[in-house]
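Each remark here refers to the structure printed beneath this line.
The values are calculated or read from the model by the stated rules, or taken from the named source; none is laboratory data. None of the values given here were measured: they were computed from a predicted structure. Cβ placement follows ideal geometry from the backbone for every residue including glycine, while neighbour counts extend to all protein chains displayed.
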Amino acid sequence: MSESEKKEEALPEPEAVVEEEVATPTEETVSEEIETEAVTEPEAAEGKAEEVEPEAEEEGKEEIEVVEEKFYTISLRHVWVVTPRGKRAPRAVRDVRAFVSRHMKAEEVAISNEINSAIWSRGINKPPRKITVRAVKDKEGKVIVYPAKAA
């Protein structure tokens with residue numbers, strides 16, 4: 001025997017190893033899996049339905065615990081005078097955040113989408129001259145700014 005024949009005999013064929021590792025599903029195993037899934041799905045659906053109802057109730061209860069609520073009319077006139085035309089709306093958002101932070105003594109201030117869209121309603125060049133907001137402070141010290149409701 002030559003050396004090349006000895007090397008071939010010593011090495012296992014890679015195809016045989018691959019065939020052993022990969023198991024192809026047969027029709028019987030697939031049908032058994034489908035039957036077991038069909039049996040467990042209704043049971044799981046019943047269990048999920050019971051779990052979803054309490055979660056939905058909890059979400060309604062997870063409202064913000066208001067510690068302090070104040071209404072402010074914030075003048076944005078300064079934004080018009082100091083800021084270049086193409087940067088007024090972003091500056092107005094920053095000024096609203098700074099004003100509320102200063103007056104509510106909070107470090108973390110979140111601005112609601114309604115306030116943001118009110119500031120950006122006429123584009124980047126022409127934010128409103130003043131805006132009336134409702135600032136709500138929760139027990140953790142976070143302040144959220146909402147538009148003031150017309151009473």
**Fill in**
Considering the range 83-103, residues that are under 26 Å from the mean Cα position of the chain (by Cα) and of a type in the set (A, V, I, L, M, F, W, C), and then whichever is nearest to residue 71 (Cα to Cα), we arrive at 100
**Prompt:** If you go through the range 78-87 one residue at a time, do you hit one that is closer than 22 Å to residue 146 by Cβ and either surrounded by 10 or more Cβ atoms within 10 Å (Cβ to Cβ) or modelled with pLDDT of 70 or more (or both)?
**Reply:** yes
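Mind checking which residues of the range 104-115 are buried (at least 16 other Cβ atoms within 10 Å of the Cβ) and within 15 Å of residue 71 (Cβ to Cβ)?
Here is the first cut: in the range 104-115, the residues buried (at least 16 other Cβ atoms within 10 Å of the Cβ) are 104, 106, 109, 111, 115.
Residues satisfying the conditions are 104, 115.
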**Prompt:** Which residue pairs have Cβ atoms closer than 7 Å, lie 6 or more positions apart in sequence or on different chains, and pair a first residue in the range 120-136 that is of a type in the set (S, T, N, Q) with a second residue that is in a strand (DSSP E or B) and loosely packed, with under 13 Cβ neighbours inside 10 Å?
**Reply:** 132/71; 132/73
